[in-house]
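Participant: Before we start, here is the structure in question, set down as structure tokens.
The values are calculated or read from the model by the stated rules, or taken from the named source; none is laboratory data. All figures in this text were calculated on a predicted structure; none of them were measured in a lab. Virtual Cβ from ideal backbone geometry, glycine too; neighbours counted across all protein chains shown. When the accessible area is computed, the model is the full protein with side chains, heavy atoms only, and any ligands, DNA or RNA have been set aside. Shrake-Rupley method; radii C 1.70, N 1.55, O 1.52, S 1.80 Å.
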Amino acid sequence: MSAAAACCLALLLSVGVASVKAGTLRFDGVAARVVSGQRRTTPRKVKRRMRGRSQEPGVEPGAWGGDHVRLRVSESGGVLEFDCAHGQIGVPFTTDADGRFDLQGTYTSEGPGPIRIGHLPTASPARYTGRVEGATMTLGVRLANSDESLGAYTLTRGVAGRVWKCR
């Protein structure tokens, strides 16, 4: 064990977050075996099981934008802003191996000027479909109940987008 590792171990032992017992180093209740100066944090069996699984690809979180649309992607979905509407995707923004997605969400039409008392806009179920290729996304929006197309957009990662609100 190097002098630096021994110093760190002594510091951890002194503050009580580590303990040593019969060749096992324990940090906050998580056991890790010490083997010739290295510790194994994940057992070999777990590594073998994890090797066979592939993580489902997703869309990189952050701002995506283009003409007449803005999209803010998060780990839990996305929020969209259009010229005269807004939308929400309430599921993780995942794609298949080819970068294609088909996600359920909502679409709410907006009108010009202030909202009248008692006439709040209602969200309609919508499907957001498209494909991500590198830093470019194609996005199609359709109302789920009527299958009416609401537009096709091209967005770029890291771009704020240009939206002209209804007048």
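Participant: I'd like the residue in segment 90-130 that is closer than 18 Å to Leu155 by Cα and acidic (Asp, Glu) and, out of all such residues, is modelled with the lowest pLDDT.
Facilitator: For segment 90-130, the residue satisfying everything is Asp98.
Participant: Follow-up question, since we're still on this one. What are the pairs, 6+ residues apart or on separate chains, where a residue within segment 121-140 that is within 22 Å of Gly62 (Cα to Cα) has its Cβ under 7 Å from a residue that is basic (Lys, Arg) and open to solvent by 40 Å² or more (accessible area, probe 1.4 Å)?
Facilitator: Ala126/Arg142; Arg127/Arg142; Arg131/Arg100; Ala135/Arg157; Thr138/Arg131
Participant: Within segment 137-167, how many residues turn out to be of a type in the set (Ser, Thr, Tyr) and either touching a helix residue (DSSP H, G or I) at 6+ places or on another chain (Cβ under 9 Å) or part of a loop (DSSP other than H, G, I, E, B) (or both)?
Facilitator: Adding up the residues that qualify gives 1.
Participant: Quick check: is even one residue across segment 125-136 outside any strand (DSSP E or B), out of contact with any strand residue (DSSP E or B) (no Cβ under 6 Å at 6 or more places or on another chain) and open to solvent by 80 Å² or more (accessible area, probe 1.4 Å)?
Facilitator: No, there is no match, as no residue in segment 125-136 is outside any strand (DSSP E or B), out of contact with any strand residue (DSSP E or B) (no Cβ under 6 Å at 6 or more places or on another chain) and open to solvent by 80 Å² or more (accessible area, probe 1.4 Å).
Participant: For Ala144, which of the numbered conditions (1) of a type in the set (Gly, Ala, Ser); (2) at negative phi; (3) within 18 Å of the chain's Cα centre (by Cα) fails to hold?
Facilitator: Tallying (1) of a type in the set (Gly, Ala, Ser); (2) at negative phi; (3) within 18 Å of the chain's Cα centre (by Cα), Ala144 fails exactly one: (3).
Participant: To continue, here is another question. Tell me yes or no: at least one residue of segment 90-100 is among the small types (Gly, Ala, Ser) and crowded, with 20+ Cβ neighbours inside 10 Å.
Facilitator: Scanning segment 90-100 turns up no residue that is among the small types (Gly, Ala, Ser) and crowded, with 20+ Cβ neighbours inside 10 Å.
Participant: I'm checking my understanding of the structure. Among residues of segment 54-112 that are assigned to a strand (DSSP E or B) and hydroxyl-bearing (Ser, Thr, Tyr), which one is nearest to Thr129 (Cα to Cα)?
Facilitator: Out of the qualifying residues, it is Thr94.
Participant: Mind listing just one residue for me: the one in segment 114-124 that is open to solvent by less than 80 Å² (accessible area, probe 1.4 Å) and part of a loop (DSSP other than H, G, I, E, B) and, of those, farthest from Leu71 (Cα to Cα)?
Facilitator: Gly118
Participant: From (1) closer than 16 Å to Val79 by Cβ; (2) loosely packed, with under 15 Cβ neighbours inside 10 Å, pick out the condition that doesn't hold for Tyr107.
Facilitator: (2)
Participant: Which members of segment 149-167 meet the condition of being of a type outside the set (A, V, I, L, M, F, W, C) and surrounded by 12 or more Cβ atoms within 10 Å (Cβ to Cβ)?
Facilitator: Passing the criteria: Gly151, Tyr153, Thr154, Thr156, Arg157, Gly161, Arg162.
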